[in-house]
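Accompanying notes for the structure given below.
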Amino acid sequence: MNIFLWILVFIGGTTGALSTLYIIVSLFAVIFYKIYRKVKYHISIYN
């Protein structure tokens, strides 16, 4: 294959992997932050 096509595939794969990783980390960060606020401040989880 052409080297430019391989570079494009690598950039696209890296972008997809990083965005997926960001979404997963953000999801767990928000969940833990809401649990922390619930325990410390007795705030509803749904706020």
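The values are calculated or read from the model by the stated rules, or taken from the named source; none is laboratory data. What you see is a predicted model, and the numbers here were worked out from it, not measured in a lab. Cβ atoms come from the backbone with ideal geometry, glycine included; neighbour counts cover every protein chain shown. Areas reflect the complete protein model, heavy atoms only, side chains present, ligands, DNA and RNA absent. Shrake-Rupley method; radii C 1.70, N 1.55, O 1.52, S 1.80 Å.
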remark   = When the range 1-19 is checked residue by residue, the ones that are open to solvent by 80 Å² or more (accessible area, probe 1.4 Å) and not β-branched (Val, Ile, Thr) are 1, 2, 4, 6, 8, 10, 18
ask   = What tally of residues in the range 20-47 results from selecting those that are of a type in the set (Ser, Thr, Tyr) and surrounded by 10 or more Cβ atoms within 10 Å (Cβ to Cβ)?
value = 5
inquiry  = Cβ-Cβ distance below 7 Å, separation of 6 or more or different chains: which pairs start in the range 15-43 with a residue that is free of Cβ contacts under 8 Å to residues at least 40 places away in the same chain and end on one that is assigned to a loop (DSSP other than H, G, I, E, B) and surrounded by fewer than 10 Cβ atoms within 10 Å (Cβ to Cβ)?
reply    = 34/45; 38/45
